[in-house]
Amino acid sequence: MTDKAAVTIPNPADAGSGEALAMPAPAPDPISTDPNRHAKVRVGDRVFSGLSEGSGVLIVALIGAIGFFLVWRAIPALARNEENFFLYRGSWITTDTSAMHFGILDLLQVTVFVSVFALLLAMPIALGIAIFVTSYAPRRVAGPLAYMVDLLAAVPSIIYGVWGLYVLAPVLRPVALWLNENLGWFFLFSTGTASVAGGGTIFTAGIVLAVMILPIITAVTREVFVQTPRGHIEAALALGATRWEVVRTTVLPFGMSGYISGAMLGLGRALGETIALLIILRGTQEAFGWSLFDGGYTFASLIASAASEFNDQYKAGAYIAAGLVLFILTFVVNSLARAAVAGKGNR
């Protein structure tokens, strides 16, 4: 066997004599010389890539299957709908399956109106909580406060509904009456289809819904604000910025896309809320008038209220057709959210 190769390097101490110092060459790395290493890495990459792509394809396939099921089950009922246009405003009559009358315009308006009203109430409160927790509150206060807000998401919907109807509505009754009596000339506060004093209105339902979506918006916004680069914050402080100026010039621009994303997640949650709105909102067959003191059904609450009719394919098909519109509506909301976030990120 031959000796290990040696590397000859000049010895600084012997520079004048021209002698050299022999050093042994470093031993080769057994991992880098392993012929199977690259093959193992490639197999792992292929497995991980396949699992990732398979998961994405599975999600898309499931969504497509749900959409196909809704369309397939809705077509027979739509074929028996005596109304010329599905998006009409009128009564929901499915007792006679040979000649049904149903449209979703009122359902669409009530669903969007109560959800947007709740979102407008929840967004500024969630933003304020997120700013306070991340930029103002001391650590001993920020942790428990964030934990308490997150706990709101653990409360069941039925508890929110009962609380809203029997606890919150009586408290809101004087406010609702004052708004109706003094600002009734404005369409939002005019006398609607539900009793203002009864509490089963969009006004009460929207406030309860705002409390329900508050933890979602707050949690997402808070987590994004925390990721603001520390260097940006310290640079602003070094330039003499106040705490609010730091928030306005660094935290808000950095986290605005996350804030919008959280708001859209909350809106999606509001659009699909069922039990709480079923308990609070008073159903009515009267046309929706865009008043906060209107009653009515949302898509989800109407479907939940008619579960006993699902033993007939045509009656069930009418409600499935309404569910199909809600399904499409959530896709529209998500698309708008992604477009808004992408536009904010490109600025």
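The values are calculated or read from the model by the stated rules, or taken from the named source; none is laboratory data. No experiment lies behind these values; they were computed from the predicted model shown. Neighbour counts are summed over all protein chains in view; Cβ atoms, including those assigned to glycine, are modelled from backbone coordinates with ideal geometry. In case anyone asks, the SASA skips ligands and DNA or RNA and just uses the protein heavy atoms, side chains included. Shrake-Rupley method; radii C 1.70, N 1.55, O 1.52, S 1.80 Å.
Projecting the Cα atoms of Ala176, Leu281, Gly56 onto the dipole axis of segment 50-341, where Lys and Arg carry +1 and Asp and Glu carry -1 at the beta carbon, places Gly56 farthest toward the positive end.
Once the 1.4 Å probe is applied to the protein heavy atoms, segment 43-144 comes out at 59 Å² accessible per residue. Heavy atoms of the protein chains alone define the surface here; on that basis segment 265-305 has 34 Å² accessible area per residue at 1.4 Å probe size. Does segment 50-341 come out rounded, prolate or oblate, given a ≥ b ≥ c as the square roots of the eigenvalues of its C-alpha gyration tensor, rounded meaning a/c under 1.5 and, failing that, prolate meaning a/b above b/c? Note, shape of segment 50-341 comes out oblate. When +1 charges are put on Lys and Arg Cβ atoms and -1 charges on Asp and Glu Cβ atoms, the dipole computed for segment 42-147 relative to its Cα centre reaches about 560 debye. Of the solvent-accessible surface of segment 50-341, computed with a 1.4 Å probe over protein heavy atoms with every protein chain present, carbon and sulfur atoms account for 68 percent.
Using the Karplus relation 6.51 cos²θ - 1.76 cosθ + 1.60 with θ = phi - 60°, the per-residue 3J(HN,Hα) values for segment 127-141 come to 5, x, 5, 5, 5, 5, 5, 8, 10, 10, 6, x, 4, 5, 9 Hz, with x marking Gly and Pro. When shorter helices are ignored and each DSSP H run of at least 4 residues is given -39500 (n - 2.57), the per-residue value for the chain at 222 nm works out to -20000 deg cm²/dmol.
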